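For reference, the structure discussed in these notes is given below.
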Amino acid sequence: MNRIDQKFKGDKKLLSIYFSAGYPNLEDTVPVLKKLQVAGVDMVEIGLPFSDPLADGPTIQESSTQALRNGMNTEKLFSQLDGIRKEIEIPLVLMGYFNPMMQYGIEKFCQRCESIGIDGLIIPDLPVDVYHEHYKTLFDQHGLYNMFLITPQTSDKRIRYIDQVSNGFIYMVSSASVTGAKNTFGKTQTDYFQRIQKMELNTPTVVGFGISNAETYQAATKESRGAIIGSAFIKFLKEKGVENIPEFIQSIRD
């Protein structure tokens, strides 16, 4: 069974953390993963830095730019993650854009992910219908889940289609904007969370974009199975460093 499916057994509300590989420093990728696992995070999304990240807000863009300057690239990330399953048990998801994966070679990329023990991918610019028609069979062969994003503007018909095609979870973007931390959610977001919950989808949902503290985490997980924190965590990393990661996770859980 895929590690992501194992995490969704039971009714625990999950906490997933996103960070850019190679940030703050090039060799921080594995130390960050180790600290997150020790702190009790349920899943980690490792961002593959890209020069034109359309869906990312300024904080994640800045971390991605710094990671690229540090020397991070696809091959470097794979070399850092070789042997990671000797130390890390929680699900690992690579999040990145399709262009670098195509440049690397999609089949080769999937093979490397499988050999390392990556559980799934999130590719914001790969449309679900293109994936379904051209790539799903390949991903399935290598045991990789591909998670799709939905927004408040996504039609019920398309959400049903995504639910049909999906494995793992559906990434509920809390708003139609780019990523970025917020202190609270408004009525538009809570209505959207309730709308999706009432659809009774087969695939679990996890909320991302705008989760920054215990309050927004609780609000996001009221109608979903979990939440993803990116920008707020990256800001914490910049200010307080890798060693203090457990402090951040505790502030969200409390």
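The values are calculated or read from the model by the stated rules, or taken from the named source; none is laboratory data. If you're wondering where the values come from, they're calculated on a predicted model, not measured in any experiment. Cβ: placed from backbone, ideal geometry, glycine included. Neighbour counts: every protein chain shown.
Select, from PHE193, PHE236, the only residue that is surrounded by 15 or more Cβ atoms within 10 Å (Cβ to Cβ), without any contact (Cβ under 8 Å) to a residue 24 or more places away in the chain, among the aromatic types (Phe, Trp, Tyr) and part of a helix (DSSP H, G or I).
PHE236
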Notebook entry, point to check: Among (1) out of contact with any Asp or Glu (no Cβ under 9 Å at 6 or more places or on another chain); (2) surrounded by 14 or more Cβ atoms within 10 Å (Cβ to Cβ), where does ARG160 come up short?
Noted result: (2)
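Could you grab me the full set of residues in region 54-98 that are hydroxyl-bearing (Ser, Thr, Tyr) and either touching a helix residue (DSSP H, G or I) at 6+ places or on another chain (Cβ under 8 Å) or at positive phi (or both)? Walk me through how you get there before you give the answer.
So the first thing to find is which residues in region 54-98 are hydroxyl-bearing (Ser, Thr, Tyr), and the list is 59, 63-65, 74, 79, 97.
Once the filter is applied, which keeps residues that are hydroxyl-bearing (Ser, Thr, Tyr) and either touching a helix residue (DSSP H, G or I) at 6+ places or on another chain (Cβ under 8 Å) or at positive phi (or both), region 54-98 yields THR59, SER63, THR74.
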Note to self: Out of everything in region 43-63 that is touching a Gly at 6+ places or on another chain (Cβ under 7 Å) and at pLDDT 90 or above, what residue ends up being farthest from GLY208 (Cα to Cα)?
What the structure shows: LEU48
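To keep it simple, each residue is scored yes or no on (1) modelled with pLDDT of 95 or more; (2) surrounded by fewer than 21 Cβ atoms within 10 Å (Cβ to Cβ); (3) touching a Lys or Arg at 6+ places or on another chain (Cβ under 7 Å).
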site	(1), (2), (3)
THR179	no, no, no
GLY186	no, yes, no
GLY210	no, no, yes
GLN218	no, yes, no
GLU223	no, yes, no
SER231	no, no, no
ILE252	yes, no, no
Item checked: Search result, residues across region 3-18 that are over 21 Å from ASN213 (Cα atoms) and within 16 Å of the chain's Cα centre (by Cα) -> ARG3, ILE4, ASP5, LYS7, PHE8
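Do any strands (runs of 3 or more DSSP E) lying entirely in region 1-118 carry at least 1 residues that are under 21 Å from TYR217 (Cα atoms), among the basic types (Lys, Arg) and touching a strand residue (DSSP E or B) at 6+ places or on another chain (Cβ under 6 Å), and which ones are they? Lay out the reasoning, then the answer.
Values: elements: 14-20, 43-47, 92-95.
Where strands (runs of 3 or more DSSP E) fall fully within region 1-118, none carries at least 1 residues being under 21 Å from TYR217 (Cα atoms), among the basic types (Lys, Arg) and touching a strand residue (DSSP E or B) at 6+ places or on another chain (Cβ under 6 Å).
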